[in-house]
Structure formats: structure tokens, C-alpha cells
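In what follows, a single structure is set out as C-alpha cells and then discussed.
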Amino acid sequence: MDATDAASEPRWIIHLPTTLTRLAEATALAVALRESLGHVTAIDFGETTLSEEDRQFVRTRIWCDARLPGDARCPRPADHDGACGGEVPRTWTTRTF
């Protein structure tokens, strides 16, 4: 399989329900998963979204994920102020779940 074949293959989404009841808790869990599993190249954390259990069609994007020089992606929160890049805000690394 070459790069063209891989690009035409569908990507699979893993839906991972939680028992969390607050958006802040779900966001903190997503951040913790990215910190602990960020080395797994099969996971595209930049595309992570959250949704309420009964409103899965309404999704909240977690990370900006804009392309940066050197094939990097912006690690900052979606809809952040200022330029892309830099460090993830400290409040995101505080676990509340």
C-alpha cells in the first residue's frame, strides 16, 4: 500500500464514554490522555472533540491543531487568544477528574 492508498482509506473513530458529568473534567481527562499517550502515532489528539452523551452530534473541539512550521500542530486550546504555538496553559494540566 502506498501513500495514495492510505489517504483513500477511511479513518476509524474510537468513542470512549466516561462517567464524568462536567466539561472541565472531560477536558482534563482528554489532556491527561494526550500527555500519557501522545507518543502513539496512531492517535490524532488534535482532532479530539467532546460531546454530551445524549447530544453526540454537538461537539466541542479541544485543541486548536492549526499547522505550524516544521509539520507541527498548535497544542493550545481551541479558540485561544494570540498566536498559535507555545506552551499549553498550566490550567489544562491540572487534573480535576
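None of the figures in this text is laboratory data; all of them are computed from the coordinates on show. If you're wondering where the values come from, they're calculated on a predicted model, not measured in any experiment. We place every Cβ from the backbone using ideal geometry, glycine too, and count neighbours over all the protein chains shown.
For region 18-72, what's the relative contact order in percent, using C-alpha pairs closer than 8 Å and at least 6 residues apart?
RCO, region 18-72: 24 percent.
Sort 53-59, 21-27 by packing, meaning the average of other beta carbons within 10 Å per residue, with the highest value first.
Ranked from most to least packed, the peptides come out as 21-27, 53-59.
Would you mind counting up the charge near ILE62? Only other residues with Cβ under 10 Å from its Cβ, with Lys and Arg at +1 and Asp and Glu at -1.
With Lys, Arg at +1 and Asp, Glu at -1, the neighbours total +1.
If I model a spin label at GLU47 and SER8 as a point 7 Å from the Cα along the Cα→Cβ vector, what separation in nanometres do I get?
1.9
What net charge do the residues around HIS15 carry, taking every other residue with its C-beta under 14 Å from that of HIS15, with Lys and Arg at +1 and Asp and Glu at -1? Kindly include the intermediate steps, with their values, before the conclusion.
On the way: positive: ARG11, ARG55, ARG59; negative: GLU47, GLU52, GLU53, ASP54.
Here the count lands on -1.
Starting from the 7 Å offset along Cα-to-Cβ, what nm value, one decimal, do you get for the label separation of SER36 and ARG22?
Here the modelled spin labels are 2.0 nm apart.
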